[in-house]
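Before any comments, here is the structure.
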Amino acid sequence: MNGSGNDRLISGLKQKNEDAFRQFIRKYQSMVFRMAYTVTLDRTESEDIVQEVFVKVFENIHKFREDSDISTWLYRITINHCLNWKRKWKRRFQWFHRPVEEGKDTTDSEMCSEDDIPERLYEKKEGEALIWKAIHRLPEDARTVLLLKEIEGFSYEAIADMLHIKRGTVSSRLFYARKRLQSDLQDYFDERRDNS
């Protein structure tokens with residue numbers, strides 16, 4: 001959506017227009033869920049957080065000053081809800097969950113992909129599962145930065161602003177996350193190369 005489209009959407013939100021809120025939810029609910037899941041590692045808890053976040057947006061959209069992108073503002077709300085969830089439950093995070101992408105609808109084009117040879121499909125799913133498990137084993141601060149940078153595509157500056165940390169801290173956490181993943185997954189990728 002272009003800038004003017006975003007302006008119209010924000011204007012609709014501030015006017016409490018229901019169609020604007022439905023459009024906003026459709027656009028951002030997956031993003032909010034991924035962020036929540038990164039912290040909770042629990043699908044049901046993440047879905048609850050998504051609902052709470054959008055209620056918060058509905059109640060507080062008048063406070064959005066439009067001096068930053070609305071997705072950045074939305075992420076700040078999501079992160080705060082995730083931190084509140086941690087303080088409330090104080091539960092030990094589980095490290096082994098289904099990948100976030102599991103269970104998503106498959107399009108006809110995906111179903112007809114040449115990659116749907118059984119062996120390749122199994123290897124692809126196995127690789128994705130291993131990667132997500134390795135991501136889940138990262139410390140939360142490194143895992144959050146990795147998601148925001150590599151999956152959501154935010155800049156170092158935006159991430160620093162959202163998490164209230166310095167840009168250098170973002171860089172060091174991202175470096176640590178990448179090195180840790182590389183180390184954890186080295187055996188898997190070495191085996192793939194040997195068998196190719």
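What follows is calculated from the coordinates using simple rules that are stated; it is not laboratory data. Treat the numbers as computed from the prediction; the structure is a model and nothing was measured.
Straightening the chain between Glu59 and Arg26 buys 10.1 nm, computed as 0.36 nm per residue apart minus the Cα-Cα spacing. For the pair Lys133 and Lys179 in one chain, pulling the backbone fully straight at 0.36 nm per residue adds 15.0 nm over the alpha carbon distance. Size of the range 141-180: Rg and Dmax of its alpha carbons, in Å, are 8.7, 24. Taken over the range 2-52, the percentage of Cα pairs per 10 Å bin, counting from 0 up to the bin with the maximum distance, is 26, 40, 27, 7.
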